[in-house]
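**Student:** Okay, here's the structure, questions in a sec.
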Amino acid sequence: QVQLVESGGGLVQPGGSLRLSCVASGNIFNILVMGWYRQAPGKQRELVATINNAGITVYADSLKGRFTISRDNAKNTVYLQMSSLKPEDTAVYYCNARTVPNSWGQGTQVTVSS
């Protein structure tokens with residue numbers, strides 16, 4: 001019903017920056033909150049950040065200050081700007097839309113390594 005497509009992942013050096021994008025399509029009219037989650041191998045999926053239609057953001061405490069989420073409603077796109085990346089940020093990053101049920105993208109791999 002809602003399709004989410006992530007892009008922008010890749011390999012980056014520690015301390016580098018990367019910007020992820022998520023484009024929503026389909027039945028998008030009732031989406032109030034979108035966000036980013038990530039999952040590293042052997043770990044639970046965890047919240048990165050969320051943003052609602054008013055632009056109010058919520059971040060995981062450990063990531064606040066390094067990551068910035070933004071939303072362009074006209075383009076149905078959510079972004080995640082990541083800076084000062086650390087090896088522990090390596091994960092598959094998933095876009096999320098709080099629909100019923102929740103909608104998820106297929107994920108984009110972010111690898112932070114020397």
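**Student:** In region 19-74, what % of DSSP beta bridges are antiparallel (nearest 5)?
**Tutor:** Antiparallel: roughly 90 percent of the beta bridges in region 19-74.
**Student:** Right, another one. Compute from the Cα atoms of region 1-94 the Rg and the Dmax, the latter being the longest Cα-Cα distance, and quote both in angstrom.
**Tutor:** Rg, Dmax (Cα atoms, Å): 13.2, 38.
**Student:** Using θ = phi - 60° and the Karplus relation 6.51 cos²θ - 1.76 cosθ + 1.60, list the HN-Hα couplings for region 10-27 in order, rounded to whole Hz, with x at every Gly or Pro.
**Tutor:** Ordered by residue, 3J(HN,Hα) equals x, 9, 9, 6, x, x, x, 10, 7, 10, 9, 10, 9, 9, 9, 9, x, 7 Hz.
**Student:** So, one more: In region 1-46, how does Rg compare with the Kirkwood Rh, expressed as the Rg/Rh ratio over alpha carbon atoms?
**Tutor:** Rg/Rh for region 1-46 comes to 1.05.
**Student:** Can you run phi through the Karplus equation (6.51, -1.76, 1.60; θ = phi - 60°) for region 91-101 and list ³J(HN,Hα) in whole Hz, with x for Gly and Pro?
**Tutor:** Per-residue couplings from phi come out as 5, 8, 9, 10, 8, 9, 10, 7, 9, 10, x Hz.
**Student:** OK, next. Mind putting a number on the dipole of region 4-86 about its Cα centre? Charges go on the C-beta only, +1 for Lys and Arg and -1 for Asp and Glu, and I need it in Debye to the nearest 20.
**Tutor:** Around 160 debye, computed over region 4-86.
**Student:** Per residue, how much accessible area does the chain show when a 1.4 Å probe rolls over the protein heavy atoms, in square angstrom?
**Tutor:** Accessible area per residue: 54 Å².
**Student:** Measure off, as a whole percent, the carbon and sulfur share of the 1.4 Å-probe accessible area of region 12-114, all protein chains present.
**Tutor:** 49
**Student:** Another question about this same structure. Pull up the DSSP beta bridges for the chain and report the antiparallel fraction as a percent, rounded to 5.
**Tutor:** 90
**Student:** Out of region 1-93, which trypsin sites (Lys or Arg not before Pro) are coil in DSSP terms and have no more than 15 other C-beta atoms within 10 Å?
**Tutor:** For trypsin sites (Lys or Arg not before Pro) across region 1-93 that sit outside H, G, I, E and B with at most 15 neighbouring Cβ atoms in 10 Å, the list reads 43, 45, 66.
The values are calculated or read from the model by the stated rules, or taken from the named source; none is laboratory data. Everything numeric in this text was worked out from a predicted model, so none of it was measured. Using ideal geometry, Cβ is built from the backbone for each residue, glycine included, and neighbour counts are taken over all protein chains shown. The accessibility values were calculated without ligands, DNA or RNA, using every heavy atom of the protein model including side chains. Shrake-Rupley method; radii C 1.70, N 1.55, O 1.52, S 1.80 Å.
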